[in-house]
Structure formats: structure tokens, C-alpha cells
Amino acid sequence: MTMNQIDTNRVAVFLSEKFGINLNISFNSEKIDIRLSDFEFGEGFTLSVKFEWRHLSVEFIPDNFSGALIRTMGLANISKKEIFKVLITEYSSSYNNITMKINDEIVNPQEPQYWDDDWRKLYIKLFKTPIILDELTNIEFEDVIIESSGDLLRLVLSLLPLEETEIEENIEGLPEGALTRIEVNRYERSALNRQTCLIIHGCICKACGFNFEEKYGALGKGFIHVHHIVPVSQLGSDYEINPEKDLVPLCPNCHAMIHKQNPPYSVEELKLIILSNMKVEKGL
């Protein structure tokens, strides 16, 4: 099994659709490089996937002139850094080692409260072993690349503005020349918030307990709706979504039922309705 045997187009399409961004992928016999096509070369970053003897590493490597990007990531608000922390905590069981350096100093990625906000350099590496390439099919090999690079990409995106359209200069609180953008829809149901919600709460309906993977096997793995506890229309312009407190997984049936009134039922109210109906059916 070599890098030349993988379908890079499948990898690019899968990641692009998952995160809603455009990606460019290049590869040789030693590594795969993944880049966001929205960044000019020299001002963005590369996710470098390397397979060596029995192990895999994925590295976040900034370009030579990506200072604005790094400064913006360092100035991410508490909400974004908490999402980063949740993701890192989840990944700690999947990777043998996670290395993070800020300004060439090793930091604990699970303790954002101790990070320096003035970022000039950033390095992140995910390391996993054993990975035995000879035992993997082409599809399995590609899936490993998709999963590992997706994990690191999710970490990077958690510290960046999400729904973006244009650059705005001199935002208060940011250094001159920092990478800042206006969000198209601040409350867009972003893939990142959804994924963080499911990492925290799991993919089981919080109202009725339905589990799609148990019912449908691999076909249902990871499938569930995510419900905004407070309707999006009622959120203030400065509100930051908290995936743990503001979002909850619901099956499509419960999601439809919870919106049968306006404002929607609470999850607890819907659970009581389900329980009450079950008692009626059993003649209790």
C-alpha cells in the first residue's frame, strides 16, 4: 500500500462536503498535503499526513507569511477555545500523542485558560500507532486519512471564524492586519457546533432514546438531528452558541414533535408526553 494507490478526489470531496469548505490535495510517496483553497499560498496552512513504519502523523504547518492567521486563532474567544478543548478531550482516546506548541513552547491543549493570547507561531501534531498499511484495503486507507485529517481540520476551524464572506479591516480588539471576517449567518447550524454537540451528548435521541446505529447498523452510525434549545430567531446578535447547553440531539420524529407548538416544547416536556402516552397504551 502506497500513497499513489489512494483516490485523493474521494478524500477531497468527502472532507469538503463534511466541512463545507473547498480543499486542494497533493501527494507523493511520503505524504499527503491538504490545503484550504480560500487562502492564498503563503498565507494559509497545510495539513500534512504522513505514514511511516506502523504509525501515522498529521501536522498543522502554517505558511511562511501566515502571521495574520495565527494571530486571529490566538484571539479566539472563550467559547471557541472551549470547543477546541472538548474536541481535544475526545481525541485523546484515539491518538497516542497530541502535541501543541504556541510560540515554540509546548502547551497543554486541554488547558486553553493558560495559553498566551499573543500567538506568533502555532504547531499541532496528532500521532497514532500502530497503523499497519499492508493490512488495509484502499478504502480503509482512505478512511484513515479522512478521519485523521478531519480531526485536525476540525481543531483548526474551531479557532477560526466559520461562516465568512469578506475581510473587514481594523476590527476593535484585533491587531492591524489580523485575519478577520464577517459571518454570513452567525447562527448558521455549523458542522462544527453540531459535531461538538454530538461528541458531548452522543448520537442518541435525548427525548425517546432512539439510536440509529443500533437499528440500522453502519448505515445509521452518526445520524441524528441537532435541535436548538432556544430558537435561533430568539438569540441576540452577540450570542455565542454553546454546543453543550444550547444544542441537543433528537431523532427526526421527536424533532418534528418538539416544534408542534411555538415556542417549541422543552425536551423534558416532550419526554413527559412520551411517558404519559406509553402509560395510556399499557392501561396504567
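The values are calculated or read from the model by the stated rules, or taken from the named source; none is laboratory data. Here the structure is a predicted model, which is why all the values come from computation and not from measurement. Cβ sites come from the backbone with ideal geometry, for glycine too, and all protein chains shown count toward neighbours. SASA here: full protein model, heavy atoms, side chains in, ligands and nucleic acids out. Shrake-Rupley method; radii C 1.70, N 1.55, O 1.52, S 1.80 Å.
What to note about this one:
- Cross-link pairs exceeding 21 Å between alpha carbons, from the set LYS85/LYS125; LYS31/LYS121; LYS206/LYS260: LYS31/LYS121.
- Apportionment of accessible area to carbon and sulfur, the chain, percent (1.4 Å): 49 percent
- Estimated from helical segments only, the mean residue ellipticity of the chain at 222 nm is -10000 deg cm²/dmol, where each DSSP H run of four or more residues counts as -39500 (n - 2.57).
- Taking a ≥ b ≥ c as the square roots of the eigenvalues of the Cα gyration tensor, an a/c ratio of 1.5 or more together with a/b no larger than b/c marks region 191-284 as oblate.
- Entry for the chain at q = 0.07, 0.10, 0.17 Å⁻¹: log10 I(q)/I(0) = -0.31, -0.62, -1.47, Debye formula applied to identical alpha-carbon scatterers, no solvent contribution.
- Between amide H atoms placed 1.01 Å from N, distances below 5 Å from TRP119 occur with GLY74, all of them 5 or more places distant or on a separate chain.
- Selected from VAL86, VAL232, VAL248 as most flexible by GNM, with the chain as the system and alpha-carbon contacts under 10 Å: VAL232
- Sum of side-chain charges, VAL13 neighbourhood, beta-carbon under 12 Å (Lys, Arg +1; Asp, Glu -1): -1
- Beyond 16 Å, the tail of the calculated P(r) for region 1-74 holds 55 percent of the Cα pairs.
- For the options LYS215, LYS128, LYS50, a Gaussian network treatment of the chain with springs between C-alpha atoms closer than 10 Å singles out LYS215 as fluctuating the most.
- The chain: angle of helix 138-158 to the longest principal axis, Cα-based, in degrees nearest 10: 90 degrees
- Working note: Cα gyration tensor of region 39-121, eigenvalues times five, square-rooted, sorted largest first, giving semi-axes of 21, 19, 11 Å.
- In the full protein context, the chain carries 56 Å² of accessible surface per residue, based on a 1.4 Å probe and ignoring ligands, DNA and RNA.
- Neighbourhood net charge (12 Å Cβ-Cβ; Lys/Arg +1, Asp/Glu -1) for GLY220: 0
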